[in-house]
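Each remark here refers to the structure printed beneath this line.
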Amino acid sequence: MSSISKRDSKYIWHPLVQHKHQKEMLAIKSAKGVVLTDESGNEYIDGISSWYTAVYGHCNSFITEKVQEQMQQLDQVVFSGFTHEPAVKLSEALMKILPDNQAKLFFSDNGSTATEIGIKMALQYHFNKGNKRNVLVAFEEGFHGDTFGAMSISGLSVYNGPFEEFFIDVKRIPVPNGENNQEVYDQLKSYIDQDNIAGFVFEPLVQGAAAMKMHDANRLDALIKLCKENEVITVADEVMTGFGKTGTYFASDHLTNKPDVICMSKALTAGLLPMAVTSCTQEIFNAFYDDDISKGLFHAHTYTANPLSCTAALAGIELLKSDEIQQNIKNIMTWHLEFGQKIAGHPKVKSIRQIGIIFALDLNVEMARYGNLRDKLYKFFMDNGVFLRPLGNTIYILAPYITTKQQMSKIYDVIERSFQIIE
Ligand SMILES: *Cc1c(COP(=O)(O)O)cnc(C)c1O
């Protein structure tokens, strides 16, 4: 039998890949803790928690044992008209860690659908109330997923060319960066004054796909406040930032004005199974609660609130709240700070930013998002046993919370050595 990689290329079409450029995928055979092992036996530290999901480590037995037990009891059932213990328990656990203004949870199965549902909540909230509001506001360079609504609000649209003419009407504002705060505020205000803005969708504090760009909580707070004063539904896409990444349970915890809607996925299920939740305030739910059947939210996915996914999520939240994980998060924040101080003056380093366990640096070179230099860096990291995905000239770390000091030092060391290979 030829290698998994060879067999893969016969039938499989991969995501985010131009197959003419990339002929073979690396086959990963197993994953345990922070280590991925490929089919030749090479090991890699998972420096991005497999796209921000496996934050408690891969194949975490605390989680897998609970899911194994659950799968003997109830595997999958329709969630329209039925309910089950794992979903109810998860709802109770989520409510304890979500901001206080959140009151209802809507389940789906990935990050794009989580934001899609957030968009629908915002649009239908106004529709149900008879308000003529059908335009959304979003940040430039935001990323919210790859389905049509999510693509529409995503500002990073380099790959959306064929679809743009089908998009929802979205007005864009820049992210407030300190210098443009007033302009951004005024621009949002002028859009709102046109009277047709239904909602404002944003990644709070960190824009992941835009290469871990960060903004201050108080600047976002001012925008949310303006929205609230004008009945514009605020939708925080916490698909990436949720569950401890920014040092708090949610990025919204850094805000004074809490968003009306919060989208969750990725680390929600600890990297084990796909699932998403969109939470909202009682006020939003009330706008759908009516004698008129058509005012309900008629949206469903077959695997909504899958009991196994709920069980994984519940176990993940238990870990997140544990003293051990909370201490690990603090430790990683300190290590990142020290590493940042160490490399700050390096001639190849243009800037450094950090929030919680997310660390990012920009290199002092211009690089295409998927260009040769970026590929060279990626290969250097992999050859040295560390899985990182540089985005253009940004190198970032989002390693699992269980990463040891020694493992993190290895990531730092490989990054430092990579400065030598760039011109
Ligand atoms: C990954 C991501 C999404 C999309 O989630 P999928 O599960 O890949 O559909 C949406 N928003 C943000 C902020 C993300 O990071």
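Some notes on this structure:
- Filter result (over 12 Å from the mean Cα position of the chain (by Cα), part of a strand (DSSP E or B) and not aromatic (Phe, Trp, Tyr)) within segment 187-227: ILE197, ALA198, GLY199, VAL201, LYS213, MET214
- Listed by position, the strands (runs of 3 or more DSSP E) contained in segment 251-365 that have at least 1 residues being closer than 30 Å to GLN68 by Cα are 261-264, 276-280.
- Residue match in segment 287-300 (condition: small (Gly, Ala, Ser) and under 22 Å from ASP237 (Cα atoms)): yes
- Condition check for GLN102: away from the ligand (no atom under 16 Å from the Cβ), of a type in the set (S, T, N, Q) and outside any loop (DSSP other than H, G, I, E, B): no
- Residue count, segment 29-65 (criterion: more than 16 Å from the ligand (Cβ to nearest atom) and closer than 13 Å to LEU273 by Cα): 5
- Top-ranked residue of segment 125-148 - restricted to ones that are within 12 Å of the ligand (Cβ to nearest atom) and under 26 Å from THR281 (Cβ atoms), ranked as surrounded by the most Cβ atoms within 10 Å (Cβ to Cβ): HIS144
- Single condition ILE352 does not satisfy, out of (1) touching a residue at least 40 places away in the same chain (Cβ under 8 Å); (2) surrounded by 17 or more Cβ atoms within 10 Å (Cβ to Cβ); (3) under 30 Å from GLU324 (Cβ atoms): (1)
- Search result, residues across segment 149-168 that are closer than 25 Å to HIS215 by Cα and exposed (fewer than 11 other Cβ atoms within 10 Å of the Cβ): VAL158
- Of all residues in segment 241-259 being in contact with a Gly (Cβ under 8 Å, 6 or more places away or on another chain) and of a type outside the set (Phe, Trp, Tyr), the one that is nearest to the ligand (Cβ to nearest atom): THR241
Every read-out reported here was derived from the displayed coordinates using simple, explicitly stated rules and does not represent laboratory data. Everything numeric here is computed off the predicted structure, so don't read it as measured data. Every residue, glycine among them, receives a Cβ derived from its backbone with ideal geometry; neighbour counts consider all protein chains shown.
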